[in-house]
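The values are calculated or read from the model by the stated rules, or taken from the named source; none is laboratory data. Only a predicted model underlies this, so the values are computations on that prediction, with no experimental measurement involved. All Cβ positions, even for glycine, are placed from backbone atoms using ideal geometry, and neighbour counts span all protein chains on display. Each accessible area value is taken on the protein alone, full model and side chains, heavy atoms only, with ligands, DNA and RNA left out. Shrake-Rupley method; radii C 1.70, N 1.55, O 1.52, S 1.80 Å.
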Amino acid sequence: MAAGTDAGNADIDDVPATEPPSRRTRRRRVAVIVALAVTVGIGAASAVGLSSRQKPHAAASSGAQVHTVAVVKTDLSNTQTMSGTLGFGTAQTLTGAKQGIITALPAAGTTVTRGQQLYRVNDQPVPLFYGGTPLFRPLDKPGLVGRDVQVVASNLQALGYDVGTQPKVGTVITQPAADPAPGGSAPPPKDGGGTAAPAAGSGTGAPSGGPTRAPAAPTAPTSPTTAGTPAAPTQTTVESGDGVVTDSLIAAIKRWQKAVGLPQTGSLGIGDVVVLPGAVRIGALQTQLGEQGAEALMSVTPTDKVVTVPVDPANVGSIKQGDKVTISLPDSSTTPGTVSGVGTAVKGNAGSNSAAGAGPGGPPTVDVTVAIDDPSTVKNFDSATVQVAFVSATATGVLAVPVGALLALSGGGYALQLQGGGLVAVQTGMFAKGMVAITGNGIAAGTQVVTAA
């Protein structure tokens, strides 16, 4: 890139006029060959780079300052930065299921963990259990089988209570007769399945003796039982995720009830415990002392801080769970994060508010949740607007130069000027953070090329 070349475009045919004609002719042949190579490379710039491309420098004009840099082998990545909200995630409303009068409520901001009291009804504690199945029926008879029983057993065990040995998967259990429902119809057995043939002389609820076997074939449907008459016992097979009410579990429930100040009945009713996926942080209260317990009580959130980012549905497809991001905090520091969830519900344009505070009727968005890799870095912020940089594309192990080293050729395409003055046609790849990926004959890591100062 010799001084005196036209400032708009460089041409490989531009050579000193003092050279002999034969040498200039050879130069022109070389120029034609290179121009053809450049033509093949036109359009090689990736689409992702076009939007962020910096204007390449033209040939050095007379008096322009230039210097050389080495071609490097590196990784390039493009990022897209979006605003998000740092907080405790999406709040959910906790609705009570225990009948009675509210006599105690937690303070907003309180953290409640497994086994701790969430609130009180009729001056009795309602503790928190972890799990995915709430208590949907009274657990008051030996032999009851289901995922709700497993929730009770696993929580008591986690709290240090010996629940004994649970029957293995595949064990056939004789369940007790269901209490008749008002109107004369008995409730369906576990999971709403058909009524199985009764076990003769059974009804104790203990696991059946002998080898494991499949449940008895269901009998034909019968007419509803007479009001007040219990249904016959049924047999069911323990499935993965099920628990069984055993004598040992009943004894553990009694010990736990004594410890937390509940009547030692050995049974649990609907609403006696609240089942949630994990520990919660109390948000806004939605009731007050003296109100009924079976209503909306409060909002709760997870205890770990996360960043919620509303993303345009057209762009959310490029974001995957597990992707690494960089979060810029209000104090100008940054901290790494990991995408922990990508929503599927589209918000906005329907009157709902997005996580970043967009008003009703705003553009449609999908919430992306980002976990903080090091929670201690955000301990000084309970809520804040942050910037999250998502990596949209990556090129690994590529040769790259500063964008300023690109030389626009008059015939189209780009070249690099070597330290000795020669031009080499190159094809461009990803543009990122002032660098551009390049390929070309004779270009390798360490090659010295001219770049604009």
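Name, by its number, the condition in (1) in a strand (DSSP E or B); (2) open to solvent by 70 Å² or more (accessible area, probe 1.4 Å); (3) of a type in the set (A, V, I, L, M, F, W, C) that does not hold for Val309.
Of everything listed in (1) in a strand (DSSP E or B); (2) open to solvent by 70 Å² or more (accessible area, probe 1.4 Å); (3) of a type in the set (A, V, I, L, M, F, W, C), Val309 misses just condition (2).
Just give me the residues in the range 106-136 being open to solvent by less than 20 Å² (accessible area, probe 1.4 Å) and assigned to a strand (DSSP E or B), in sequence order.
Across the range 106-136, the qualifying residues are Val112, Leu118, Tyr119, Val121, Pro125, Val126, Pro127, Leu128, Phe129.
What residue, among those in the range 114-140 that are free of Cβ contacts under 8 Å to residues at least 24 places away in the same chain and closer than 19 Å to Val280 by Cα, is nearest to the chain's Cα centre (by Cα)?
Gln116
Please count how many residues of the range 244-271 are under 34 Å from the mean Cα position of the chain (by Cα) and either more than 14 Å from Pro138 (Cα to Cα) or surrounded by 23 or more Cβ atoms within 10 Å (Cβ to Cβ) (or both). First the steps, then the outcome.
In the first step, residues of the range 244-271 are kept if they are under 34 Å from the mean Cα position of the chain (by Cα); the result is 244, 270-271.
With either more than 14 Å from Pro138 (Cα to Cα) or surrounded by 23 or more Cβ atoms within 10 Å (Cβ to Cβ) (or both) added as a condition, the list becomes 244.
Within the range 244-271, residues that are under 34 Å from the mean Cα position of the chain (by Cα) and either more than 14 Å from Pro138 (Cα to Cα) or surrounded by 23 or more Cβ atoms within 10 Å (Cβ to Cβ) (or both) number 1.
Could you please find all residues in the range 151-179 being closer than 16 Å to Ser267 by Cβ and outside any loop (DSSP other than H, G, I, E, B)?
Val151, Val152, Ala153, Asn155, Leu156, Gln175
Can you work out which of the residues in the range 68-86 that are small (Gly, Ala, Ser), within 25 Å of the chain's Cα centre (by Cα) and surrounded by fewer than 19 Cβ atoms within 10 Å (Cβ to Cβ) is modelled with the lowest pLDDT?
Ser77
Looking only at strands (runs of 3 or more DSSP E) that fall completely inside the range 382-453, which ones have 1 or more residues that are under 30 Å from Thr303 (Cβ atoms) and open to solvent by less than 50 Å² (accessible area, probe 1.4 Å)?
The qualifying strands (runs of 3 or more DSSP E) are 384-402.
Restricting attention to the range 313-331, which residues are open to solvent by 60 Å² or more (accessible area, probe 1.4 Å), part of a loop (DSSP other than H, G, I, E, B) and under 16 Å from Ser376 (Cα atoms)?
Pro330, Asp331
Out of (1) open to solvent by less than 70 Å² (accessible area, probe 1.4 Å); (2) within 30 Å of Thr369 (Cα to Cα); (3) among the aliphatic types (A, V, I, L, M), the odd one out for Leu139 is which?
Result: Leu139 fails condition (2) only.
Suppose we filter the range 89-132 for residues that are at positive phi and at pLDDT 95 or above; how many remain? Explain how you work it out, then say what you get.
Initial filter on the range 89-132 (at positive phi): 89, 100, 109, 115, 122-123, 131.
Pick out the ones that are also at pLDDT 95 or above and you get 100, 115, 122-123, 131.
The total comes to 5.
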